[in-house]
Amino acid sequence: MYRFLSLRFALPGLIGVFTILTISLSFYMSRSIVFDRVAEEQEIVVRDRLNSLQGVVSHFMKYHEYDYLRGMVSSISSETDLNYLAIVSKDDIVIAASKYTDQGKHWKQVSPAPDAELIEKIILRQTIDTYLYTDKKIIDGYSSLCVTGNDALLRADDCGFIFYQVDLGFHFDRAEASIYNGFLFVGLTFFAGIFLLLFFTGRLITRRVNHLVDTLKSYSDGDHNIRSATRGHDEISWLSTSINSLLDRIDKNQEQILEREHRLEGLFQSVLDAIVVIDDQGIIRRANRATEKMFGYTEDELAGHNVSILMPEPYKSEHDGYLKNYKVTGIRKVIGIKREVNGQRRDNTVFPIDISVSEMLIGSKKMYSGIIRDITERKDFERIMKNINDELLQSNKKLNEYATKDSLTNIYNRRSFDIRIDEELNRATRDKLPLSLLMCDIDYFKLYNDTYGHQEGDKCLYKVATVIKTFFQRGGEMVARYGGEEFAVILPNTDADRAKWLSELLIKAIHELGIAHSASKASDHITISIGVGTYNPTGHIPTSSSHLIRAADEGLYKAKANGRDRVETGATIE
């Protein structure tokens, strides 16, 4: 079976099949063309016959020589391609016919019957015409038969006709037989060529190709000294030369590969980082000397074991599940991603490692290589640096508080206020929202210090500041120590009426502190006076902070002038 699939038989076979298909297609195409040509030629022949018959029949009918006419029709009936011939008089009676029994009948009673429409057409035109019926393989011919009167004019109503039907099948069979004989000769000649081709293919191609195959097989079996001895000046000899060159190249490449493998093995073993190669089941296949040094196992001890031997819990239990999930879903959790995990040495000590896992194909097998680095020293260094960084952050936080907060009252200082008031003026101008500023001053605070001492004065400042800070905690609101016993409150999105109402509530809250102040001329306890300044933006350029502060100071001056322990409104700036 396989022998017949060889080049010796396959090539001639393919050529034979292709040629047979070509000859068959050509046969049927030629048959169609020849049949068309035969039909055209027979139409011409029928016209010529009708033209000859028309004159003879007209002569016999003119002199009423019907016996001669019937004799002529009888002789014509012997023609091999004639199906039917009928001569019909102007009275529609068959005068003579190839079928003797049809004589004397009306032409509509004969078989095959002529076509009435075609008869009417040729009589009307007084002409000869033919009609091809390819599907029936027949040609119908019609010719008018007209007699002349005394005036020598043709009269259509005095016309009979000739009906002549030819069997095209006879001519088609002859043409097909001729075509068949021609193609049969071509086919036989071709098959003789096929046998010659088989012979020369065997001598010139197959035997020599088999020699090349044997050479390659011997080389693959280990005989690297064998070379092809096929000679000549054709393509197979060129192929033989190419194969010999290829084998020489393979030998040279194998030497290079072996040398490269030695270098790679040296590099593999000399890398400072541990390298572990596993298969798709997680089984260790290779490990370098750095792995032995890092984990305490020799390569022989590791080979054949699951890589989880180098992992502590929970990595040990979860590893095979990760690998299986990756093979099913393709979702990478370790492969191609550098990770920090823990490793476990032979003595069960756990230490931090950096691991990078790569996927690779070795032949048709999927393998994974992991590059492992001991990061114990780096982790210790990072821990030290983190402690230092945390201390620096705390120091920076304290420094920032020192820079922005008042150390006595623990609210924002004057510097923070100056920065914030400009920001809020810009925001109010942009959003077209009102901005109010409260300037608060503790009444008769100098007398309080003189009466109770500066330490009690500091306590009083802290308590008052705490109340104000607690009172104004809405987003954007800011409480700052403006200077001495004076406090400033920034109230975004707050108009003058709401600012005054909030100030009155703040005054009541200060009363509820109940800090005694026997030297005060306003009350027997600590009170504050508040001035309100408001900015209602109308343009695109914010007002100066000094204008808003001046407006709030104006309200504070009024509050002090009107007896203190109250709130007064200064100017509204637009």
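Out of the residues in segment 43-82 that are among the charged types (D, E, K, R) and without any contact (Cβ under 8 Å) to a residue 12 or more places away in the chain, state the one that is nearest to residue 160 (Cα to Cα).
Of everything passing the filter in segment 43-82, 65 is nearest to residue 160 (Cα to Cα).
For the structure I just gave you, tell me whether residue 275 is surrounded by fewer than 14 Cβ atoms within 10 Å (Cβ to Cβ) and hydrophobic (A, V, I, L, M, F, W, C).
No: the conditions fail for residue 275.
If you check residue 391 against the conditions, is it closer than 30 Å to residue 469 by Cα, loosely packed, with under 12 Cβ neighbours inside 10 Å and without any contact (Cβ under 8 Å) to a residue 40 or more places away in the chain? Reasoning before the result, please.
On the way: closer than 30 Å to residue 469 by Cα: yes; loosely packed, with under 12 Cβ neighbours inside 10 Å: yes; without any contact (Cβ under 8 Å) to a residue 40 or more places away in the chain: yes.
Answer is yes for this residue.
Residue-wise test of (1) modelled with pLDDT under 95; (2) in contact with an Asp or Glu (Cβ under 8 Å, 6 or more places away or on another chain); (3) among the polar types (S, T, N, Q).
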| site | (1), (2), (3) |
| --- | --- |
| 447 | yes, no, no |
| 456 | yes, no, no |
| 470 | yes, no, yes |
| 473 | yes, no, yes |
| 477 | yes, no, no |
| 489 | no, yes, no |
| 496 | yes, no, no |
| 514 | yes, no, no |
| 518 | yes, yes, yes |
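Where residues in segment 49-81 are in a helix (DSSP H, G or I), surrounded by 12 or more Cβ atoms within 10 Å (Cβ to Cβ) and among the small types (Gly, Ala, Ser), which of them is farthest from the chain's Cα centre (by Cα)?
71
Could you grab me the full set of residues in segment 288-305 that are within 46 Å of the chain's Cα centre (by Cα), under 19 Å from residue 342 (Cα atoms) and surrounded by fewer than 16 Cβ atoms within 10 Å (Cβ to Cβ)?
305
For segment 558-570, state whether one or more residues are among the polar types (S, T, N, Q) and either farther than 16 Å from residue 421 by Cα or touching a helix residue (DSSP H, G or I) at 6+ places or on another chain (Cβ under 6 Å) (or both). Break it down into steps so the answer makes sense when it comes.
Of segment 558-570, the ones among the polar types (S, T, N, Q) are 562, 569.
Pick out the ones that are also either farther than 16 Å from residue 421 by Cα or touching a helix residue (DSSP H, G or I) at 6+ places or on another chain (Cβ under 6 Å) (or both) and you get 562, 569.
Checking segment 558-570: at least one residue is among the polar types (S, T, N, Q) and either farther than 16 Å from residue 421 by Cα or touching a helix residue (DSSP H, G or I) at 6+ places or on another chain (Cβ under 6 Å) (or both).
Can you find a residue in segment 486-498 that is touching a helix residue (DSSP H, G or I) at 6+ places or on another chain (Cβ under 8 Å), in the same structural domain as residue 429 (by TED's automatic domain parsing) and farther than 25 Å from residue 573 by Cα?
No: zero hits.
Being over 20 Å from residue 81 (Cβ atoms) and modelled with pLDDT of 85 or more is the requirement here; does residue 162 meet it?
Here the answer is no, as residue 162 does not meet what is asked.
If I filter segment 249-259 for residues that are crowded, with 17+ Cβ neighbours inside 10 Å and free of Cβ contacts under 8 Å to residues at least 40 places away in the same chain, do I get at least one hit?
Restricting attention to segment 249-259, the residues satisfying the condition of being crowded, with 17+ Cβ neighbours inside 10 Å are none.
Within segment 249-259 (the criterion being crowded, with 17+ Cβ neighbours inside 10 Å and free of Cβ contacts under 8 Å to residues at least 40 places away in the same chain), the answer is no, since none of the residues qualifies.
Residues are listed down the side, and each one gets a yes or a no for (1) over 60 Å from the mean Cα position of the chain (by Cα); (2) farther than 18 Å from residue 565 by Cα; (3) not hydroxyl-bearing (Ser, Thr, Tyr):
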residue	(1), (2), (3)
436	yes, yes, no
440	yes, no, yes
449	yes, yes, yes
460	yes, no, yes
467	yes, no, yes
514	yes, no, yes
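Quick check, is residue 274 touching an Asp or Glu at 6+ places or on another chain (Cβ under 7 Å) and modelled with pLDDT of 80 or more?
Spelling it out, it is not the case that residue 274 is touching an Asp or Glu at 6+ places or on another chain (Cβ under 7 Å) and modelled with pLDDT of 80 or more.
Which of the residues that make up segment 489-506 are buried (at least 23 other Cβ atoms within 10 Å of the Cβ), over 60 Å from the mean Cα position of the chain (by Cα) and under 21 Å from residue 409 (Cα atoms)?
Within segment 489-506, 489, 503 qualify.
With respect to residue 147, is the statement that it is of a type outside the set (Gly, Ala, Ser) and at pLDDT 90 or above true?
On the way: of a type outside the set (Gly, Ala, Ser): yes; at pLDDT 90 or above: no.
No, not satisfied.
From the list 145, 85, exactly one residue is buried (at least 17 other Cβ atoms within 10 Å of the Cβ), in the same structural domain as residue 161 (by TED's automatic domain parsing), farther than 13 Å from residue 165 by Cβ and not polar (S, T, N, Q). Which is it?
145
Looking at segment 338-375, which of its residues are within 22 Å of residue 295 (Cα to Cα) and either in a loop (DSSP other than H, G, I, E, B) or basic (Lys, Arg) (or both)?
Within segment 338-375, 338, 339, 345, 346, 347, 348, 349, 373, 375 meet the criteria.
Given (1) over 23 Å from residue 361 (Cα atoms); (2) in a helix (DSSP H, G or I), where does residue 226 come up short, assuming only one miss?
(2)
Restricting the search to segment 325-337, which residues are in a loop (DSSP other than H, G, I, E, B) and either on the phi < 0 side of the Ramachandran plot or in contact with a helix residue (DSSP H, G or I) (Cβ under 6 Å, 6 or more places away or on another chain) (or both)?
Answer for segment 325-337, where residues must be in a loop (DSSP other than H, G, I, E, B) and either on the phi < 0 side of the Ramachandran plot or in contact with a helix residue (DSSP H, G or I) (Cβ under 6 Å, 6 or more places away or on another chain) (or both): 331, 332, 333, 334, 337.
For residue 382, are the conditions met, namely being surrounded by 12 or more Cβ atoms within 10 Å (Cβ to Cβ), modelled with pLDDT under 85 and in contact with a strand residue (DSSP E or B) (Cβ under 8 Å, 6 or more places away or on another chain)?
Values: surrounded by 12 or more Cβ atoms within 10 Å (Cβ to Cβ): yes; modelled with pLDDT under 85: yes; in contact with a strand residue (DSSP E or B) (Cβ under 8 Å, 6 or more places away or on another chain): no.
Answer is no for this residue.
The values are calculated or read from the model by the stated rules, or taken from the named source; none is laboratory data. Source: prediction; values computed, not measured. All Cβ positions, even for glycine, are placed from backbone atoms using ideal geometry, and neighbour counts span all protein chains on display.
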